[in-house]
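The values are calculated or read from the model by the stated rules, or taken from the named source; none is laboratory data. Computed from a prediction, not measured in an experiment: that's the story for all the values here. Neighbour counts run over all protein chains shown; Cβ positions are idealised from the backbone, glycine included.
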Amino acid sequence: MKYAYNYWAVAVAAASCFLFGFIWFTVVFKEAYTEGLGKSREQMNQGPSMVATSVFQLAGNLVLAIVLSWLLKKLGCETILESVRLAALLWLGFIVAIIGPLYAHQAYSFKFFLIIAGAILMYILTSAVILTTWK
């Protein structure tokens with residue numbers, strides 16, 4: 001099963017998600033996100049470095065863009081509307097359906113869930129539009 005990827009489109013989609021996530025979590029929802037985590041700044045500083053988390057995020061964004069590119073091609077999504085519909089369906093079926101119950105069991109707030117799930121929705125939608133537009 002051979003498929004030629006548009007590597008520029010994949011890279012731009014991944015970078016766009018990275019930039020969007022930075023703005024989403026450090027500007028738009030910084031306070032609500034930090035509050036939802038339930039950790040102090042000191043506890044957060046004990047985790048992986050900013051460089052390490054950025055590398056992990058960018059790698060995840062690349063995987064998302066490659067898999068989504070393959071799915072869009074395989075399922076014949078030619079228009080932005082078709083791609084956005086698929087992206088929304090993937091988000092609902094694979095993200096919301098999985099992390100929703102997980103967040104509920106871990107007693108995170110619904111607001112925190114919406115911040116995370118909303119960011120992922122925007123990643124998938126942004127990637128779908130870029131990958132469909134730039135073939």
Pick from Gly38, Gly60, Gly47: which is out of contact with any helix residue (DSSP H, G or I) (no Cβ under 6 Å at 6 or more places or on another chain) and modelled with pLDDT of 95 or more?
Gly60
Answer yes or no: is there a residue in region 66-77 that is in contact (Cβ under 8 Å) with a residue 12 or more places away in the chain, among the β-branched types (Val, Ile, Thr), loosely packed, with under 14 Cβ neighbours inside 10 Å and within 22 Å of Tyr3 (Cα to Cα).
no
Would you confirm, using the coordinates I've provided, whether Val12 is touching a residue at least 12 places away in the same chain (Cβ under 8 Å), among the aliphatic types (A, V, I, L, M) and closer than 21 Å to Leu114 by Cβ?
no
Answer yes if at least one residue in region 98-116 is under 14 Å from the mean Cα position of the chain (by Cα), surrounded by 14 or more Cβ atoms within 10 Å (Cβ to Cβ) and not β-branched (Val, Ile, Thr), and no otherwise.
yes
